[in-house]
Amino acid sequence: MPADSAAIGLVDRIFTRIGASDEIARGQSTFMVEMVETANILHHATARSLLILDEIGRGTSTYDGLAIAWAVVEYIHNHPGLRAKTLFATHYHELTDLAERLPHVVNMNVAVAEQGDTIAFLRKIVPGAADRSYGVHVAQLAGLPRPVVARAQEILADLEASGAAGPRRSALGQPMLFQLPLFSAEDPILAELKALDVNNLNPLAALNKLYELQQRARKGE
């Protein structure tokens, strides 16, 4: 249910970035529409504005979207002419680490009650970061066929086991911080080493290749 009341103080304007759709007539994709709206907010909002931003970066690849969302949060927080009150909803778990880096960022999440394989959204906002996502559960509630939901659960379990999905946590339940490769793919020198067929290299060729890789590493390639 919506809140009966709220105290947000006086604001000069309310900016929202919620939902998007393709602007086919204008040749704009969903992601372009999202970025245009976000750009408009960042250019025109002031310290007296209220910003409501939902899932910034969702319209592109995971790393691109995460990088953009991360940068938007930092910009709103750090820009001396902005620093507006902002509600920023996201499914990028990595962004919750910003509460430890930026003094005015606070994590909140929607309380969920779990019982076996079922969940109930309590419609209550509580302090702290979410422990996990409930996308598969929501898909089940929406009526996706059972085989699809079951297969999604299997894939999610594999991804979580490999560390490729969701926040990793320690035995104490605290987030395990790790460096995300946000802005680059795998190191090209490491990739070349992995692909190198050492069995077909004679000693001289192996030394030459090793020297070449060393020189490239020193130059910071």
Quiz prompt | segment 37-64 - residue that is of a type in the set (S, T, N, Q), surrounded by 14 or more Cβ atoms within 10 Å (Cβ to Cβ) and part of a loop (DSSP other than H, G, I, E, B) and, of those, modelled with the lowest pLDDT | solution = T60
Exercise. State whether the residues of segment 178-192 include one that is at pLDDT 80 or above and within 21 Å of Y63 (Cα to Cα).
Key: no
Quiz item: Residues in segment 84-103: is at least one among the β-branched types (V, I, T), crowded, with 18+ Cβ neighbours inside 10 Å and within 23 Å of R17 (Cβ to Cβ)?
Solution: yes
Exercise. Quick one: count up the residues across segment 84-103 that are part of a helix (DSSP H, G or I) and either in contact with a Lys or Arg (Cβ under 8 Å, 6 or more places away or on another chain) or not charged (D, E, K, R) (or both).
Key: 5
Self-check item: Residues satisfying the stated conditions in segment 109-121, i.e. at pLDDT 85 or above and over 19 Å from the mean Cα position of the chain (by Cα)
Solution: A111, V112, A113
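Let's see how each residue does on (1) in contact with a Phe, Trp or Tyr (Cβ under 7 Å, 6 or more places away or on another chain); (2) of a type in the set (S, T, Y); (3) assigned by TED's automatic domain parsing to the domain that holds H43; (4) over 30 Å from A142 (Cβ atoms):
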{"residue": "A84", "(1), (2), (3), (4)": "no, no, yes, yes"}
{"residue": "A89", "(1), (2), (3), (4)": "no, no, yes, no"}
{"residue": "Y92", "(1), (2), (3), (4)": "no, yes, yes, no"}
{"residue": "L102", "(1), (2), (3), (4)": "no, no, yes, yes"}
{"residue": "V112", "(1), (2), (3), (4)": "yes, no, no, no"}
{"residue": "T118", "(1), (2), (3), (4)": "no, yes, no, no"}
Self-check item: Test: V106 is surrounded by fewer than 16 Cβ atoms within 10 Å (Cβ to Cβ), under 17 Å from the mean Cα position of the chain (by Cα) and not in a helix (DSSP H, G or I)
Solution: yes
Quiz item: For the subset of segment 41-89 comprising residues that are acidic (D, E) and within 11 Å of the chain's Cα centre (by Cα), which member is farthest from I8 (Cα to Cα)?
Solution: D64
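I want to confirm something. Restricting to segment 65-83 and keeping residues that are part of a loop (DSSP other than H, G, I, E, B) and not hydrophobic (A, V, I, L, M, F, W, C), which single residue is surrounded by the most Cβ atoms within 10 Å (Cβ to Cβ)? Walk me through how you get there before you give the answer.
Let us first name the residues in segment 65-83 that are part of a loop (DSSP other than H, G, I, E, B), namely 79-83.
This time we only want the ones that are not hydrophobic (A, V, I, L, M, F, W, C), so: 79-81, 83.
Values: H79: 13, P80: 6, G81: 8, R83: 16.
Here the answer is R83.
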Exercise. List every residue pair whose Cβ atoms sit under 7 Å apart, with the two residues 6 or more apart in sequence or on different chains, where the first one lies in segment 122-139 and is on the phi > 0 side of the Ramachandran plot and the second, anywhere, is assigned to a loop (DSSP other than H, G, I, E, B) and surrounded by fewer than 14 Cβ atoms within 10 Å (Cβ to Cβ).
Key: R123/M1
Exercise. Of the conditions (1) surrounded by 16 or more Cβ atoms within 10 Å (Cβ to Cβ); (2) in a strand (DSSP E or B), A120 clears all except one; give me its number.
Key: (1)
Quiz item: Any residue in segment 159-176 that is surrounded by 13 or more Cβ atoms within 10 Å (Cβ to Cβ) and either among the hydroxyl-bearing types (S, T, Y) or modelled with pLDDT of 85 or more (or both)?
Solution: no
Exercise. Scan segment 8-33 for residues that are at pLDDT 90 or above, in contact with a helix residue (DSSP H, G or I) (Cβ under 9 Å, 6 or more places away or on another chain) and of a type in the set (A, V, I, L, M, F, W, C) and jot them down.
Key: F15
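The values are calculated or read from the model by the stated rules, or taken from the named source; none is laboratory data. Every value quoted in this text rests on a predicted model; they were computed, and no experiment measured them. Positions of Cβ are backbone-derived with ideal geometry, glycine not excepted, and every protein chain shown enters the neighbour counts.
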